[in-house]
Amino acid sequence: QVQLVESGGGSVQPGGSLRLSCAASGSIFSRSTIGWYRQASGKQRELVAGITSGGITDYADSVRGRFTISSDSAKNTVYLQMDSLEPEDTAVYYCNAKYRRLVWSSPDDYWGQGTQVTVSP
């Protein structure tokens, strides 16, 4: 069973920075696409950033140029560096892994428990 544990959330003023971490229980990233999602109060969960096993990254338009996703396979950890934070970035942030046990398998979905990010003056 794959387990994902997020950390690094907290409260910060507008313009500040935070770095979120997503640690996996095993060496899954070579067979996974990892995404960071967020869910603000009263809103649907949305994809913020993603990284493939080959290191290809992509971002939602709302965070492009401010957030950076990266991975460290030696530590089984994916990071989300968040700079120039805005109040609209306030949400619970979740890590997701779409893990393929075999190359031809349909991906299994795994979620972390979430970490709160609050941006306010």
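The values are calculated or read from the model by the stated rules, or taken from the named source; none is laboratory data. Keep in mind the model is a prediction, meaning the values are calculated, not measured. Calculation scope for accessible area: heavy atoms of the full protein, side chains included, ligands and nucleic acids excluded. Shrake-Rupley method; radii C 1.70, N 1.55, O 1.52, S 1.80 Å.
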Normalized C-alpha radius of gyration of the stretch 55-110, against 2.2 N^0.38 Å? 1.36
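Report the relative contact order of the chain, percent, no decimals, based on alpha-carbon pairs under 8 angstrom and at least 6 residues apart.
Answer for the chain is 35 percent.
Roughly to the nearest percent, how much of the accessible area of the stretch 1-46 is carbon and sulfur, given a 1.4 Å probe? Present the calculation step by step, with values, prior to reporting the outcome.
Numbers: 1040 of 2580 Å².
Within the stretch 1-46, the accessible surface is 40 percent carbon and sulfur.
Kindly sort LYS75, LYS98 by accessible area of their heavy atoms, largest first, with the probe set to 1.4 Å. Write down the numbers at each step before the final one.
Details: LYS75 130, LYS98 70 Å².
In descending accessible area the options line up as LYS75, LYS98.
For the stretch 13-72, compute Rg over Rh where Rg is the Cα radius of gyration and Rh is the Kirkwood radius from the inverse mean 1/r over Cα pairs. Before the final figure, lay out each step's value.
Details: Rg = 12.7 Å, Rh = 12.9 Å.
Here Rg/Rh amounts to 0.98.
Could you state the accessible area per residue of the chain in Å², with a 1.4 Å probe and every protein chain left in place? Could the numbers behind the result be given before it?
Values: 6570 Å² over 121 residues.
Per-residue accessible area for the chain comes out at 54 Å².
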Cα-based Rg of the stretch 14-121 per 2.2 N^0.38 Å, rounded to two decimals? 1.06
